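Participant: I am attaching a structure below and will ask some questions about it afterwards.
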Amino acid sequence: MKFLKYLALLLVIFGAGFGAVYIFFGKQKPEVVPTISPVTTNSPNLFSNFSLEDAPSESLRGQITEMKGNVDWQGRTATEAAALSAPITIQQGENLITEAGGSLTLVFQNAATINFSEKTEIDVIQTLPADMVFSQVSGVAGYSKTGSYPVDIRTSALLTELTGNATVSRNPVKPVVTVSVKSGSAVVAYNDLKYISHEVIVNAGKTFTFNYGTRKGALR
């Protein structure tokens, strides 16, 4: 009899506990799972205006006005340079290379003109009207500012801001860059081996020589 009483008591306790659990969980509202509306191509602000194929619309386009010998061109979407058979329009993010005996003239109207000598490679980094930036990888090139804003040329660890006409050359054997200013002036800037910044003004008729191995420059 005592066992039956204990069993009955346990059944009552178990039943009460089960009922409480059911009331607590069974009466809960089902979890609301957020849904994502289907994306359509008409959704505003879905994609940026960046185009791998085309440079920004506000950037200037350059025109090859003269071309002689073998010239290679690498477009924005190309993985390697290809030979040019005729002058083309050049945009920001492209690359030009003149082979032995080759030369070309690249004109950005009311901004800058670049004359490539043979064995010269230049990356067209940026061609916004107020911010023309080129990277000269090799060779000799003449730069002329033809607009209202300076032209920037990066050659290894040397940055040149040109406000006139100058020739920039990179020695094919030694780690040396030379900036010869023919008219106007230029400001050359670099960091030495201790990461101290230096700026030098190069006026017309002067030449600045920079060794990017020793990070030392000389004006003469």
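Participant: Can you go through 128, 106 and tell me which one is under 26 Å from residue 74 (Cβ atoms) and crowded, with 16+ Cβ neighbours inside 10 Å?
Facilitator: Numbers: 128 fails: crowded, with 16+ Cβ neighbours inside 10 Å.
Criteria check complete, one pass: 106.
Participant: Next question. Here are some residues: 136, 74. Which one is over 29 Å from residue 219 (Cα atoms) and either of a type outside the set (Phe, Trp, Tyr) or touching a Lys or Arg at 6+ places or on another chain (Cβ under 9 Å) (or both)?
Facilitator: Numbers: 136 fails: over 29 Å from residue 219 (Cα atoms).
Testing whether each residue is over 29 Å from residue 219 (Cα atoms) and either of a type outside the set (Phe, Trp, Tyr) or touching a Lys or Arg at 6+ places or on another chain (Cβ under 9 Å) (or both) leaves just 74.
Participant: Separate question: How many residues does the range 205-218 contain that are assigned to a strand (DSSP E or B) and surrounded by 14 or more Cβ atoms within 10 Å (Cβ to Cβ)?
Facilitator: Narrowing the range 205-218 to residues assigned to a strand (DSSP E or B): 207-211, 216-218.
Now drop any that are not surrounded by 14 or more Cβ atoms within 10 Å (Cβ to Cβ), which leaves 207-211, 217.
Matching residues across the range 205-218 total 6.
Participant: While we're on this one: Within the range 64-96, which residues are closer than 21 Å to residue 53 by Cβ and aliphatic (A, V, I, L, M)?
Facilitator: 64, 78, 81, 82, 83, 84, 86, 88, 90, 96
Participant: Now a separate question. Run down 173, 181 and say which single residue is in a strand (DSSP E or B), at pLDDT 95 or above and of a type in the set (Val, Ile, Thr). I'd like the intermediate steps shown before the answer.
Facilitator: Numbers: 173 fails: in a strand (DSSP E or B).
Every option except 181 fails the conditions.
Participant: I would also like to ask the following. Which pairs turn up if I take residues in the range 82-100 that are farther than 11 Å from residue 62 by Cα and look for partners that are surrounded by 20 or more Cβ atoms within 10 Å (Cβ to Cβ) and among the hydroxyl-bearing types (Ser, Thr, Tyr) with beta carbon separation below 6 Å, at least 6 apart in sequence or on another chain?
Facilitator: Sorted first by the residue in the range 82-100, then by its partner, the pairs are 98/120.
Participant: More than 27 Å from the chain's Cα centre (by Cα), within 24 Å of residue 149 (Cβ to Cβ) and surrounded by 17 or more Cβ atoms within 10 Å (Cβ to Cβ): does that describe residue 202?
Facilitator: Details: more than 27 Å from the chain's Cα centre (by Cα): yes; within 24 Å of residue 149 (Cβ to Cβ): yes; surrounded by 17 or more Cβ atoms within 10 Å (Cβ to Cβ): yes.
The answer is yes for residue 202.
Participant: Moving to a separate point now. Give me the residue from the range 52-66 that is assigned to a strand (DSSP E or B) and among the polar types (S, T, N, Q) and, out of that set, surrounded by the fewest Cβ atoms within 10 Å (Cβ to Cβ). So that I can check it myself, show each step before the final result.
Facilitator: As a first pass, look at the range 52-66 and keep what is assigned to a strand (DSSP E or B): 62-66.
Within this subset, residues satisfying the condition of being among the polar types (S, T, N, Q) are 63, 65.
Values: 63: 13, 65: 11.
Only one residue tops the list, namely 65.
Participant: Under 8 Å between Cβ atoms, at least 6 apart or on separate chains: pull out the pairs that start in the range 58-73 with a residue that is within 12 Å of residue 99 (Cβ to Cβ) and polar (S, T, N, Q) and end on any residue that is at pLDDT 95 or above and buried (at least 19 other Cβ atoms within 10 Å of the Cβ).
Facilitator: Short answer, once both residue conditions are applied: 70/98; 70/102.
Participant: Out of all the residues in the range 69-86, which are in contact with an Asp or Glu (Cβ under 8 Å, 6 or more places away or on another chain), more than 19 Å from residue 134 (Cα to Cα) and either surrounded by fewer than 16 Cβ atoms within 10 Å (Cβ to Cβ) or among the β-branched types (Val, Ile, Thr) (or both)?
Facilitator: Going residue by residue through the range 69-86, those that are in contact with an Asp or Glu (Cβ under 8 Å, 6 or more places away or on another chain) are 69-77, 81-84.
Still in the running and more than 19 Å from residue 134 (Cα to Cα): 69-70, 82-84.
Those that are in contact with an Asp or Glu (Cβ under 8 Å, 6 or more places away or on another chain), more than 19 Å from residue 134 (Cα to Cα) and either surrounded by fewer than 16 Cβ atoms within 10 Å (Cβ to Cβ) or among the β-branched types (Val, Ile, Thr) (or both): 69, 70, 82, 83.
Participant: Let me ask something else about it. Does residue 147 meet the test of being among the small types (Gly, Ala, Ser), surrounded by 15 or more Cβ atoms within 10 Å (Cβ to Cβ) and without any contact (Cβ under 8 Å) to a residue 40 or more places away in the chain?
Facilitator: Yes; evaluated as a whole, the condition is true for this residue.
Participant: May I pose another question? Evaluate the range 158-167: report whether one residue or more is farther than 26 Å from residue 109 by Cα and surrounded by fewer than 17 Cβ atoms within 10 Å (Cβ to Cβ).
Facilitator: No, the range 158-167 has no match at all.
The values are calculated or read from the model by the stated rules, or taken from the named source; none is laboratory data. It should be emphasised that the depicted structure is a prediction, and the values quoted were computed from it without experimental measurement. In this analysis, Cβ positions are derived from the backbone assuming ideal geometry, glycine residues included, and neighbour counts consider all displayed protein chains.
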